[in-house]
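Have a look at the structure below, then the notes.
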Amino acid sequence: MNLSSEGFIPVEGGNVYYRKVAGGPGTPLLVLHGGPGFAHGLLETLKALSNERPVIFYDQLGAGKSDRPKDPSLWQIERFVRELAQVRQSLGLDRVVLYGHSWGTMLAVDYMLTAPRGVEALILSSPCLSAKMWKSDADRLRLTLSTETQATLIRHETAGSTHSEEYQNAMWDYLKKFACRLDPIPEAVLAAFADGNMECYTQMWGPSEFHPTGNLKDYDRTPDLHRLQVPTYFVCGEFDEATPESTRKYAELAKARDFRVIPDCSHSALIENEGDYLKIIRDFCNIN
């Protein structure tokens with residue numbers, strides 16, 4: 001693990017792309033991106049931490065540069081947990097700090113509940129650890145949208161026409177408040193959505209961030225957070241769809257070492273306030 005590298009790793013269902021950014025002698029940071037079905041690109045800025053430790057990114061199966069098989073049976077969280085173990089083994093990552101963002105926090109927690117060895121700390125950024133709590137928060141946040149937008153969303157969700165252009169346009173009214181508050185929306189964010197594997201995303205989560213209908217719709221790890229046996233850290237944005245209220249609750253249940261809220265930021269705090277976000281993650285990595 002002394003040189004920067006990239007390549008592909010065979011996992012259950014296909015091959016996944018990885019990229020390692022070489023760095024200092026610290027414990028490697030292994031990054032689990034959001035989604036599911038989206039790639040690691042929006043988290044690339046975390047490579048700035050490589051002056052202290054290697055930073056390893058990988059695109060989960062079905063996303064980014066990884067294979068995109070058409071087998072719907074692959075889109076289950078249990079398979080992604082096994083995939084994570086296979087990535088660690090292939091890269092020889094005996095010791096890691098594990099970082100998850102959004103859906104990546106679900107994956108990280110389920111992986112940690114298998115009691116893997118060598119994880120020195122767990123960082124959960126903009127977490128979703130209860131689909132019920134996420135939906136409850138989203139229902140409240142939707143009330144801040146215009147009456148017209150709310151009516152459009154409800155009409156298409158009721159009719160089962162969430163694939164329509166009208167629904168997709170209305171969805172962005174929500175995303176611009178709680179997923180990325182920059183105006184205009186950065187090209188990288190638009191590109192990430194355009195490249196997302198919506199078959200994977202829809203099967204596992206649903207047609208939008210705020211309408212879970214997939215196989216994760218009943219996901220709830222709040223009863224298990226006390227079982228996390230490594231130093232655990234939480235961070236979210238002030239206006240995050242992963243709300244500070246829910247994130248604080250998760251942190252309390254996990255008896256977290258630290259919990260931070262980044263002012264004036266949403267779900268994309270790394271993009272909206274790169275400096276403060278990187279400092280927080282660097283601090284989390286270094287205080288174990």
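The values are calculated or read from the model by the stated rules, or taken from the named source; none is laboratory data. Just so it is clear, the model here is predicted, and its values are computed rather than measured. Heads up, the Cβs are rebuilt from the backbone with ideal geometry, glycines too, and the neighbour counts pull from every protein chain shown.
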Looking at the stretch 5-27, is at least one residue aliphatic (A, V, I, L, M), part of a helix (DSSP H, G or I), more than 17 Å from the chain's Cα centre (by Cα) and closer than 19 Å to Ile123 by Cβ?
no
Members of the stretch 28-45 that are more than 16 Å from Val189 (Cα to Cα) and outside any loop (DSSP other than H, G, I, E, B):
Leu29, Leu30, Val31, Leu32
So, of the residues in the stretch 266-279 that are surrounded by 22 or more Cβ atoms within 10 Å (Cβ to Cβ) and out of contact with any Phe, Trp or Tyr (no Cβ under 7 Å at 6 or more places or on another chain), which turns out to be farthest from Leu29 (Cα to Cα)?
Ser268
Pairs where the first residue, in the stretch 37-61, is more than 23 Å from Asn197 (Cα to Cα) and free of Cβ contacts under 8 Å to residues at least 60 places away in the same chain and the second is part of a helix (DSSP H, G or I) and among the charged types (D, E, K, R), C-beta under 6 Å, 6+ apart:
Val55/Lys47
Tell me whether the stretch 185-206 contains one or more residues that are within 17 Å of Leu42 (Cα to Cα), polar (S, T, N, Q) and modelled with pLDDT of 95 or more.
yes
Does any residue of the stretch 194-214 turn out to be without any contact (Cβ under 8 Å) to a residue 60 or more places away in the chain, small (Gly, Ala, Ser), more than 19 Å from Ser126 (Cα to Cα) and loosely packed, with under 15 Cβ neighbours inside 10 Å?
yes
Within the stretch 59-86, restricting attention to residues that are small (Gly, Ala, Ser), touching a Pro at 6+ places or on another chain (Cβ under 8 Å) and outside any helix (DSSP H, G or I), which residue is surrounded by the most Cβ atoms within 10 Å (Cβ to Cβ)?
Gly62
Cβ pairs under 9 Å, 6+ apart or interchain, first in the stretch 220-234 and touching a residue at least 12 places away in the same chain (Cβ under 8 Å), second of a type in the set (Phe, Trp, Tyr), ordered by first then second residue, are Arg221/Tyr250; Thr222/Tyr250; Leu225/Tyr250; Pro231/Phe284; Tyr233/Phe259; Tyr233/Phe284; Phe234/Tyr250; Phe234/Phe259
Within the stretch 7-58, restricting to residues that are closer than 25 Å to Trp75 by Cα and of a type in the set (Gly, Ala, Ser), the one that is surrounded by the fewest Cβ atoms within 10 Å (Cβ to Cβ) is Gly7
Would you mind telling me which numbered condition in (1) within 14 Å of the chain's Cα centre (by Cα); (2) within 18 Å of Gly214 (Cβ to Cβ) Leu124 fails?
(2)
Just the residues that are of a type in the set (D, E, K, R) and over 16 Å from Ala194 (Cα atoms), please, taken from the stretch 148-169.
Glu148, Arg155, Glu157, Glu166
Quick check: is even one residue across the stretch 72-79 at pLDDT 95 or above and more than 20 Å from the chain's Cα centre (by Cα)?
yes
Filtered residues of the stretch 217-238 (kept if of a type in the set (D, E, K, R), under 18 Å from Asp110 (Cα atoms) and in a loop (DSSP other than H, G, I, E, B))
Lys217, Asp218, Arg221
Under 6 Å between Cβ atoms, at least 6 apart or on separate chains: pull out the pairs that start in the stretch 239-261 with a residue that is outside any helix (DSSP H, G or I) and end on any residue that is polar (S, T, N, Q).
Phe239/Ser266; Asp240/Ser126; Asp240/Ser266; Ala242/Ser126; Ala254/Thr232; Ala256/Thr232
Just to be sure, is Ala269 of a type in the set (A, V, I, L, M) and either free of Cβ contacts under 8 Å to residues at least 24 places away in the same chain or touching a Leu at 6+ places or on another chain (Cβ under 6 Å) (or both)?
no
